[in-house]
Amino acid sequence: MSHAAWGRPGVELETIAAQLHADFEMRNQAREQALQRSRLLTRYAAQTIQALHRGDYERAKTLLEQARALVQESQQDLASRFPDLYYAGYTQDALKEFVEASVVYRLLTEGTYPTPEELGVPASTYVRGLAEAVGELRRRCLDLLRHDYSPQVETLLEHMDAIYGVLVTMDYPDAITGGLRRWTDQVRGQIERTRGELTLSRRLYALQQVLEGRERDARDGKA
């Protein structure tokens, strides 16, 4: 084959380059949208948690619905077309925040847990969100104990224990679970501190009841 049959140097490569540019442009746009969506999803999740701690469950529900819409957009736009972007750290971190907010909302309103399928998230993202939810449950316990001893704290602590009981069974490499072992260790510490604070509050409550009873008896005796 003669050199003349090869054609002008670079023509074929220019065509390939144009295709590469088109692919990169499409991926770059998808990435920018994913970053923007992740930031908004994280904001909705944080606002949901804030609303829950204020007792504004209606607002929390509305925010979660908006967050869920963003999760569905991510699935449609990224999961099948750009799986590398869908499983990127920033996308999964935002989904983890969504899981955390969803778990806390469901526990405080219904006492049940949403499933990974219901939330539309991978297993590794779900368990990390589940682990982070323990911190918010602890915060709820402290808010209740600050006012007085509350039986609800016992229930929340039971949920925290149940979550920890699940997390410790996930004995898989960090590459599979997304570094779950570190989160599990933190959960154990949070539970132990909460249990100690609950025990102290319960004893103070019991002591207060005894003192109030004696005070009433003293008043009745004087009467």
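Of the conditions (1) within 17 Å of residue 121 (Cα to Cα); (2) in contact (Cβ under 8 Å) with a residue 12 or more places away in the chain, residue 65 fails just one. Which one is it?
Only one criterion is unmet by residue 65, namely (2).
Results for (1) in a helix (DSSP H, G or I); (2) crowded, with 17+ Cβ neighbours inside 10 Å; (3) in the same structural domain as residue 104 (by TED's automatic domain parsing); (4) touching a residue at least 12 places away in the same chain (Cβ under 8 Å), shown as yes or no for each residue.
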{"residue": "140", "(1), (2), (3), (4)": "yes, yes, no, yes"}
{"residue": "143", "(1), (2), (3), (4)": "yes, no, no, yes"}
{"residue": "158", "(1), (2), (3), (4)": "yes, no, no, no"}
{"residue": "169", "(1), (2), (3), (4)": "no, no, no, no"}
{"residue": "182", "(1), (2), (3), (4)": "yes, no, no, no"}
{"residue": "191", "(1), (2), (3), (4)": "yes, yes, no, yes"}
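If I filter the stretch 179-198 for residues that are out of contact with any strand residue (DSSP E or B) (no Cβ under 6 Å at 6 or more places or on another chain), modelled with pLDDT under 80 and not small (Gly, Ala, Ser), do I get at least one hit?
Yes, the stretch 179-198 has at least one match.
For the subset of the stretch 1-14 comprising residues that are of a type in the set (Gly, Ala, Ser) and either modelled with pLDDT under 60 or not assigned by TED's automatic domain parsing to the domain that holds residue 78 (or both), which member is nearest to residue 81 (Cα to Cα)?
Per the criteria, the residue is 7.
Here is a check on your reading of the model: is residue 79 small (Gly, Ala, Ser) and buried (at least 23 other Cβ atoms within 10 Å of the Cβ)?
The answer is no for residue 79.
Rundown of residues vs (1) charged (D, E, K, R); (2) assigned by TED's automatic domain parsing to the domain that holds residue 175; (3) surrounded by 14 or more Cβ atoms within 10 Å (Cβ to Cβ); (4) part of a helix (DSSP H, G or I), yes/no style:
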residue	(1), (2), (3), (4)
20	no, no, no, yes
27	yes, no, yes, yes
32	yes, no, no, yes
44	no, no, yes, yes
47	no, no, yes, yes
85	no, no, yes, yes
105	no, no, yes, yes
114	no, no, yes, no
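Could you check the stretch 15-61 and list, in sequence order, the residues that are among the hydrophobic types (A, V, I, L, M, F, W, C), at pLDDT below 90 and farther than 21 Å from residue 80 by Cβ?
Once the filter is applied, which keeps residues that are among the hydrophobic types (A, V, I, L, M, F, W, C), at pLDDT below 90 and farther than 21 Å from residue 80 by Cβ, the stretch 15-61 yields 16, 17, 18, 20.
Scanning for something acidic (Asp, Glu), touching a Gly at 6+ places or on another chain (Cβ under 6 Å), without any contact (Cβ under 8 Å) to a residue 60 or more places away in the chain and closer than 23 Å to residue 182 by Cα, does the stretch 128-136 turn up at least one residue?
no
The values are calculated or read from the model by the stated rules, or taken from the named source; none is laboratory data. What you see is a predicted model, and the numbers here were worked out from it, not measured in a lab. Note that each Cβ is placed from the backbone with ideal geometry, even for glycine, and that neighbours are counted across all protein chains shown.
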